[in-house]
Amino acid sequence: MDLSTIAFALMALITVGSGVVVVFANRLIHAVFALLFTFFGTAGLYVFLGADFVAGAQVMVYVGGILVLLLFGVMLTNRIYDMRILAERVNFKRSVIIVGIGFALLAGVMLKTPWNAVTKDDPASSTAEIGSALMTTYLLPFEVAAILLLAALIGASMLASGGEGEDEGEA
């Protein structure tokens, strides 16, 4: 067992373990903090697999944006950080049986599939490849997506401000 296998197993354990904590946590704040470790574990797996751009995007978008939004939502809402998650276990035994059958089927397929190892000769940076593709081959869809996001941002700010034609002096 080499160091890369140990690193992969550690990242996978962090990701899966914190994902289980997210699902089964009794308090909302514990689930949000476990989600932090799930996102970082996923980013670590991306780094390990050589997708450094995707790992950076994972950290910036999910940890930097979505998770911080969830944390502020939980912390700034009155007494929600101390709230317990009330969940009933409806049909728990049946759910465990169905998930177990699905897991057994997936494990059987994984064990019977002849996996071929893919090796890369030149470990080029995926960031440079993505940047080059966005500025050459996919420039038009990239610009259309940017314009759509800008329109959504302007629309959201207009909806949040109450629309047009309102004066600040009126109460």
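Taking residues in segment 127-145 that are within 16 Å of Val54 (Cβ to Cβ), and partners anywhere that are in a helix (DSSP H, G or I), the pairs with Cβ atoms closer than 8 Å and at least 6 places apart or on different chains are Thr127/Asp52; Thr127/Phe53; Thr127/Gly56; Ile130/Phe53; Leu134/Phe142.
Here's the yes/no breakdown for (1) touching a Ser or Thr at 6+ places or on another chain (Cβ under 6 Å); (2) under 16 Å from Gly64 (Cβ atoms):
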{"position": "Gly19", "(1), (2)": "yes, no"}
{"position": "Val23", "(1), (2)": "no, no"}
{"position": "Leu28", "(1), (2)": "no, no"}
{"position": "Leu36", "(1), (2)": "no, yes"}
{"position": "Ala43", "(1), (2)": "no, yes"}
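Counting only residues that are touching a helix residue (DSSP H, G or I) at 6+ places or on another chain (Cβ under 6 Å) and in contact (Cβ under 8 Å) with a residue 40 or more places away in the chain, segment 38-51 holds 2 of them.
The test for being outside any helix (DSSP H, G or I) and out of contact with any Gly (no Cβ under 7 Å at 6 or more places or on another chain) does not hold for Gly56. Considering each of Ile66, Ile101, Ile85, Ile14 in turn, give the residue that is exposed (fewer than 13 other Cβ atoms within 10 Å of the Cβ) and at pLDDT 90 or above. The conditions single out Ile101. For segment 127-163, the set of residues classified as outside any helix (DSSP H, G or I) and surrounded by 10 or more Cβ atoms within 10 Å (Cβ to Cβ) consists of Thr137, Tyr138, listed by residue number.
Checking Ala51, Ala57 one by one, the residue that is closer than 20 Å to Ala9 by Cα, out of contact with any strand residue (DSSP E or B) (no Cβ under 9 Å at 6 or more places or on another chain) and at pLDDT below 90 is Ala51 and no other. When the residues of segment 1-37 are filtered to those that are of a type in the set (S, T, N, Q) and free of Cβ contacts under 8 Å to residues at least 24 places away in the same chain, the one that is nearest to Gly73 (Cα to Cα) is Ser18. Just the residues that are of a type in the set (Asp, Glu) and modelled with pLDDT of 80 or more, please, taken from segment 116-132. Correct list: Glu129 only.
The values are calculated or read from the model by the stated rules, or taken from the named source; none is laboratory data. Bear in mind the structure is a predicted one, so any value in this text is a computation, not a measurement. FYI the Cβ positions are ideal-geometry reconstructions off the backbone, even for glycines, and counts take in every protein chain you see.
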